[in-house]
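Chemist: My questions all concern the structure below.
The values are calculated or read from the model by the stated rules, or taken from the named source; none is laboratory data. Since the structure is predicted, the reported quantities are computational estimates derived from the model, not experimental observations. Cβ placement follows ideal geometry from the backbone for every residue including glycine, while neighbour counts extend to all protein chains displayed.
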Ligand code: ACM
């Protein structure tokens, strides 16, 4: 399958500019799966909760999501995108998985960064893995990178690819995710934004890693880019690293516990 990471600079308070940026980057491309950054409909660095609320949409009534569904139909593609989600009077920093049928998956960010804690509710959907026509896909969002348990948990649940919409500001994530890919023997796909919003500058360098921890594609620090590669998700089905070592079967959960029994979802 062909996967594309969209790296661009979502504009705060400007849904139309963000729709235009998505259209321009996707253009005439023909990928099976597109992954977009965190909060790609809204921008990131809200002045306050009201500002985030004004930029949010409910999943069932969303110009942004409807637009992505129309792209998915047009391209017969799957799309993962970060999304400023309103649910009643609550806000979530969410990622949606979309195909030509509509929204087929939702994840709400578990680990909130900085003043996101004043704006969003922590995620309440656990760590789902979605069995799609392309393969098994899990989602994490940006600062979730800091928690290896989350990546392991998704891999143990069968995720062949972990899609990771991001608005990264710290300089560490891109050196860590290839290791998560390696130790879980799954693909990781970080679609990170670029640009500056008020006091935050985002680090770009969107990154796709394969099951051996190789960097398959890496974006620039500051350019809008569509970054594409062919990958085979079936490679993630084998957890063997030597003839005698399987990274899941060799786990000593009798010593350090089993994530499957300690994480609740
Ligand atoms: C982040 O979680 N947006 C850094």
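Chemist: Surrounded by 14 or more Cβ atoms within 10 Å (Cβ to Cβ) and either farther than 22 Å from residue 117 by Cα or without any contact (Cβ under 8 Å) to a residue 60 or more places away in the chain (or both): is that true of residue 75 in this structure?
Modeler: Taking the combined requirement at face value, the residue satisfies it.
Chemist: Please indicate, with yes or no, whether at least one residue in the stretch 188-195 is at pLDDT 95 or above and over 16 Å from the mean Cα position of the chain (by Cα).
Modeler: Taking every residue of the stretch 188-195 in turn, at least one turns out to be at pLDDT 95 or above and over 16 Å from the mean Cα position of the chain (by Cα).
Chemist: Right, here's the next one. Yes or no: the stretch 35-58 includes at least one residue that is away from the ligand (no atom under 16 Å from the Cβ) and either within 17 Å of the chain's Cα centre (by Cα) or modelled with pLDDT under 95 (or both).
Modeler: The answer is no, given that none of the residues of the stretch 35-58 is away from the ligand (no atom under 16 Å from the Cβ) and either within 17 Å of the chain's Cα centre (by Cα) or modelled with pLDDT under 95 (or both).
Chemist: Mind listing whichever residues of the stretch 70-81 are in contact with a helix residue (DSSP H, G or I) (Cβ under 8 Å, 6 or more places away or on another chain) and not in a helix (DSSP H, G or I)?
Modeler: Once the filter is applied, which keeps residues that are in contact with a helix residue (DSSP H, G or I) (Cβ under 8 Å, 6 or more places away or on another chain) and not in a helix (DSSP H, G or I), the stretch 70-81 yields 77, 78, 79, 81.
Chemist: Do we find a residue being crowded, with 21+ Cβ neighbours inside 10 Å and not in a strand (DSSP E or B) anywhere in the stretch 238-261?
Modeler: Checked the stretch 238-261: no residue is crowded, with 21+ Cβ neighbours inside 10 Å and not in a strand (DSSP E or B).
Chemist: Checking the conditions here, which among 215, 203, 196 is under 21 Å from residue 43 (Cα atoms) and either within 13 Å of the ligand (Cβ to nearest atom) or touching a strand residue (DSSP E or B) at 6+ places or on another chain (Cβ under 8 Å) (or both)?
Modeler: Among 215, 203, 196, only 203 is under 21 Å from residue 43 (Cα atoms) and either within 13 Å of the ligand (Cβ to nearest atom) or touching a strand residue (DSSP E or B) at 6+ places or on another chain (Cβ under 8 Å) (or both).
Quick grid of which residues meet (1) free of Cβ contacts under 8 Å to residues at least 60 places away in the same chain; (2) closer than 23 Å to residue 115 by Cβ; (3) in a helix (DSSP H, G or I):
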residue	(1), (2), (3)
11	yes, yes, no
19	yes, no, yes
23	yes, no, yes
37	no, yes, no
52	no, yes, yes
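Chemist: Can you give me the number of residues within the stretch 189-228 that are buried (at least 16 other Cβ atoms within 10 Å of the Cβ) and within 15 Å of residue 160 (Cβ to Cβ)?
Modeler: Counting residues in the stretch 189-228 that are buried (at least 16 other Cβ atoms within 10 Å of the Cβ) and within 15 Å of residue 160 (Cβ to Cβ) gives 6.
Chemist: A further question follows. Kindly provide the set of residues from the stretch 39-50 that are in a helix (DSSP H, G or I) and surrounded by 13 or more Cβ atoms within 10 Å (Cβ to Cβ), ordered by number.
Modeler: Across the stretch 39-50, the qualifying residue is only 49.
Chemist: Further, regarding this structure: For the structure I just gave you, tell me whether residue 6 is outside any strand (DSSP E or B) and in contact (Cβ under 8 Å) with a residue 12 or more places away in the chain.
Modeler: no
Chemist: Just to confirm my filter: which strands (runs of 3 or more DSSP E) fall fully inside the stretch 104-170 and include at least 3 residues that are within 12 Å of the ligand (Cβ to nearest atom)?
Modeler: Because the criterion is at least 3 residues that are within 12 Å of the ligand (Cβ to nearest atom), the strands (runs of 3 or more DSSP E) in the stretch 104-170 that meet it are 161-166.
Chemist: I'm trying to understand the selection: among the residues of the stretch 104-130, which are surrounded by 20 or more Cβ atoms within 10 Å (Cβ to Cβ), in contact (Cβ under 8 Å) with a residue 60 or more places away in the chain and more than 22 Å from residue 43 (Cβ to Cβ)?
Modeler: The answer is 127, and nothing else.
Chemist: Now a separate question. Out of (1) closer than 19 Å to residue 36 by Cα; (2) at pLDDT below 95, what's the single condition that is false for residue 201?
Modeler: Unmet condition: (2).
Chemist: So, one more: Among the candidates 155, 133, 163, 159, single out the residue that is under 26 Å from residue 77 (Cα atoms) and surrounded by fewer than 16 Cβ atoms within 10 Å (Cβ to Cβ).
Modeler: Result of the check over 155, 133, 163, 159: 133.
Chemist: Select from the stretch 88-103 the residues that are away from the ligand (no atom under 16 Å from the Cβ) and part of a strand (DSSP E or B) and write down the one among them that is nearest to residue 46 (Cα to Cα).
Modeler: 90
Chemist: Take the conditions without any contact (Cβ under 8 Å) to a residue 12 or more places away in the chain and outside any loop (DSSP other than H, G, I, E, B) and apply them to residue 217. Does it pass?
Modeler: So residue 217 does not fit the description; no.
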